[in-house]
Amino acid sequence: MSEVTLTAETGRTTGTRPSRRLRGEGRIPGVVYGAGQVADSISVSRVDLRHALNSEAGRNTLIRIEYDGKSALTLIREMQRHPVRRDVTHVDFLEVDPTRPVELYVPIVLVGEPKQVTVMGGMTEQRLNQLKVRVRPDQIPASIEVDISGMRLDRSILVKDVELPEGVVSLSSPQQAVVTAELTRAAITARASGESDEE
């Protein structure tokens, strides 16, 4: 996975008012912590952070924070937002070792057309939108694809059935349903009506 570099500023005063002032200047307060070090208070450009989060990997983007001669490879561990406007108000960056696995959630994307389901009047329902995994930072996938083209009615694809990219280990329950295929209410009603007419 490629990484994004953000240049951060240090020396900010912590607290509500200084943080509000920073946000008014277009900067987001945050901290860099991990790797056995004391957390460093920083701030990053709101625009640069938005661009980083708009990459294919979203919140799982590897972000290299450069500040005060330091260079920390990080993942976003927590992102606080305003309760009404939903603007980002604070970000926690966790420093990671590219050679050591981390635990995180990766989005699940359904691919393919379940023709055997639709032709029978059924539909698929995605029950799990993200998978908890353990993976090295340099092998984090942007998403995990699940092929539903071979699905049939009254069948499910479980976590244990999902093919994972190299280096990715699932931490979610193996028996948890990712996607199910069932008749629509309209199809059930039509079938019931047809059976009644035959009688």
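Report relative contact order for the range 40-86 in percent, whole number only (criteria: Cα-Cα under 8 Å, sequence separation at least 6).
So the answer I get is 22 percent.
Sorted from largest to smallest, which semi-axis lengths in Å does the alpha carbon gyration tensor of the range 46-114 give for its equivalent ellipsoid, taking the root of 5 times each eigenvalue? If you can, show how the numbers build up before the last one.
On the way: eigenvalues 114, 75, 26 Å².
Taking √(5λ) for each Cα gyration eigenvalue gives 24, 19, 11 Å.
If eta is 1.306 mPa s and T is 10 °C, what Stokes-Einstein diffusion coefficient results for the range 1-77, Kirkwood Rh from Cα pairs, in µm²/s?
Calculated translational D: 123 µm²/s.
Pick out, from MET120, ILE108, SER43, the residue whose Cα sits farthest towards the positive end of the charge dipole of the chain, with +1 on the Cβ of Lys and Arg and -1 on the Cβ of Asp and Glu.
Value: SER43.
Using a 10 Å cut-off on Cβ atoms, rank the peptides 172-179, 55-62 from the highest mean neighbour count down. If you can, show how the numbers build up before the last one.
Numbers: 172-179: 15.1, 55-62: 17.6.
Put in order of decreasing packing, that is 55-62, 172-179.
With all protein chains present and a 1.4 Å probe, how do THR99, THR184 order by accessible area, largest first?
Sorted descending by solvent-accessible area, the residues read THR99, THR184.
Run the reach check for LYS160 against lysines, Cα to Cα strictly under 22 Å, same-chain hits fewer than 8 apart removed. What comes back?
Filter leaves LYS132.
Determine the dipole magnitude for the chain: charges of +1 sit on the beta-carbon of Lys and Arg, -1 on that of Asp and Glu, nothing else is charged, the reference point is the Cα centre, and the result goes in debye to the nearest 20.
1120 debye
How much of the DSSP beta bridge set in the chain is antiparallel, as a percent to the nearest 5?
On the way: 37 of 50 bridges.
Bridges in the chain that DSSP calls antiparallel: roughly 75 percent.
Tell me, in nm to one decimal, what length is gained between VAL111 and ARG81 on full extension, where the rule is 0.36 nm per residue of separation less the Cα-Cα distance?
7.6 nm
The values are calculated or read from the model by the stated rules, or taken from the named source; none is laboratory data. These numbers were taken from a predicted model, which means no experiment stands behind them. So basically every Cβ, Gly included, is an ideal-geometry build from the backbone, and we count neighbours across all protein chains shown. What goes into the accessible areas is simple: the full protein's heavy atoms, side chains included, and nothing from ligands, DNA or RNA. Shrake-Rupley method; radii C 1.70, N 1.55, O 1.52, S 1.80 Å.
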